[in-house]
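**Q** Structure in structure tokens, see below.
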Amino acid sequence: MSDQILKPDLEFTKEIIAAGGESLKKCYQCSTCTVVCDVTPDRKPFPRKEMLYAQWGLKDKLLASPDVWLCHQCSDCTAHCPRGAKPGEVLGAVRKMTIQEFSSPSFMGKMVNDSKFLLLLFAIPTIIFLFELFIQGHLTNGIPRIPNGQLMSYSLMFPPTLYIDTVFVPVAFFAAFMFFKGIKNYWAAMSANYPAPPRKDVITPLAETVREILTHSVFEKCGVSKDRSIAHKILFYSFIGLAITTTLAASYIYVFDYNGPYPQTNIVKWIGNVSGVAMLIGITMIVMNRIKNKEKVGAGSYFDWFFIVVVYGVGLTGMLAQILRLANIPVLGYPMYFAHLVFVFVLFAYAPYSKMAHMVYRTTAMVFAKYSKRS
Ligand code: SF4
Ligand code: SF4
């Protein structure tokens, strides 16, 4: 018989409830959720045991677990739970807390997930870009003159090398470093909590995980919200397309010394526009799916909607800025481009603390699960 004594942490239970798992106390451990889940491993399956851990407030067992990320929030369990305990939502709340637990600095995690700080989060890039306009004299001298016979160009207002070199390169390094720190801490915590015999190499689990992510093979097992797999796939590939666009645009600037504007037939435009439209379609499908299944899976938390609004902001301001440039309406085009830069900053600078971090934490958990022979 085990002599381990479990100490309930009711404060942690309250934190899960506050993070969106308010229904967790309704669970009476019938296990229906575990039976209907198509993605759980046979050994120590989820999510019934996580519901028990959550009721007892067993923080280490939840936050240092790969299982909460092996759940892809298809909500089949929530739809079938006879008590309305919404296990899918509870695991979603725990994932959000995992990001906050392992990300640093910790105050950033709290700010990004608290609506009280929303204005401040947007004020930071707004002030940075206003300062850039100020040092170029655009705040005092007005909109730059467009040379005769030429269409407006955003590089007249914001030389790309200025905002890329002074803002987005540091933002990219900041986000990458914070992701690295968070993932390192998370991996160490999982290793301490699941001391299973590891495989010899991490490359094979990583390759298997990448293949699963590219094909969305786990998502496709969803029952209740099957459309979510298609929507998620579109959004995922749109981000890859936008990453390719950014890389190509940076090559034009730094290798070929060309700052645009690009003709509509240019490859950068093609990939950027297709990816931008795909991003808006994907996020709209996700929202529609949420609304359609609201009764069964819940409406989502501030954490979910912050990400959705920012993705919409990036896509819509990007598309409108381009249309206004082609229509040669600088008085609307420049503010729209300004707003686009602010949204892009918010998406990437706060990525280690927002729902964007799902991509990185879930990948890590999937690799760890294969590495430690959990799945
Ligand atoms: S969450 Fe619902 S389905 Fe799962 S064990 Fe609890 S009561 Fe049963
Ligand atoms: S939300 Fe879906 S994947 Fe997650 S535990 Fe429930 S049934 Fe399994």
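The values are calculated or read from the model by the stated rules, or taken from the named source; none is laboratory data. As the structure is a prediction and not an experimental result, all values here were calculated from the model. Cβ sites come from the backbone with ideal geometry, for glycine too, and all protein chains shown count toward neighbours. For accessibility, only protein heavy atoms count, side chains too; no ligands or nucleic acids. Shrake-Rupley method; radii C 1.70, N 1.55, O 1.52, S 1.80 Å.
**Q** Residues to consider are THR78, THR98, THR40; find the one that is within 25 Å of LYS355 (Cβ to Cβ), touching a Lys or Arg at 6+ places or on another chain (Cβ under 8 Å) and hydroxyl-bearing (Ser, Thr, Tyr).
**A** After applying the criteria, what remains is THR78.
**Q** Same structure again: Since PHE256 meets every condition but one in (1) open to solvent by 70 Å² or more (accessible area, probe 1.4 Å); (2) part of a helix (DSSP H, G or I), which condition does it not meet?
**A** (2)
**Q** What number of residues in region 46-72 are away from ligand 1 (no atom under 14 Å from the Cβ) and without any contact (Cβ under 8 Å) to a residue 24 or more places away in the chain?
**A** Matching residues across region 46-72 total 0.
**Q** Of all the helices (runs of 4 or more DSSP H) wholly in region 285-375, which have at least 2 residues that are buried (at least 23 other Cβ atoms within 10 Å of the Cβ)?
**A** Qualifying helices (runs of 4 or more DSSP H): 302-326, 330-349, 358-371.
**Q** If THR215 meets every condition in (1) in contact with a Leu (Cβ under 9 Å, 6 or more places away or on another chain); (2) open to solvent by less than 70 Å² (accessible area, probe 1.4 Å) apart from one, which number is that one?
**A** (1)
**Q** Suppose we filter LEU10, LEU6 for residues that are farther than 24 Å from PHE303 by Cα, hydrophobic (A, V, I, L, M, F, W, C) and open to solvent by 70 Å² or more (accessible area, probe 1.4 Å); which single one remains?
**A** LEU6
**Q** Would you say ASP42 is more than 9 Å from ligand 2 (Cβ to nearest atom), of a type in the set (Asp, Glu) and not assigned by TED's automatic domain parsing to the domain that holds VAL218?
**A** yes
**Q** Step by step: first the residues of region 19-38, then only those that are open to solvent by 90 Å² or more (accessible area, probe 1.4 Å) and in a helix (DSSP H, G or I), then the one that is farthest from ligand 2 (Cβ to nearest atom). Which residue is that?
**A** Among residues in region 19-38 that are open to solvent by 90 Å² or more (accessible area, probe 1.4 Å) and in a helix (DSSP H, G or I), the one farthest from ligand 2 (Cβ to nearest atom) is LYS25.
**Q** Of the conditions (1) touching a residue at least 40 places away in the same chain (Cβ under 8 Å); (2) under 30 Å from LEU162 (Cα atoms); (3) surrounded by fewer than 24 Cβ atoms within 10 Å (Cβ to Cβ), SER115 satisfies every one except a single condition; which number is it?
**A** Of the numbered conditions (1) touching a residue at least 40 places away in the same chain (Cβ under 8 Å); (2) under 30 Å from LEU162 (Cα atoms); (3) surrounded by fewer than 24 Cβ atoms within 10 Å (Cβ to Cβ), the odd one out for SER115 is (2).
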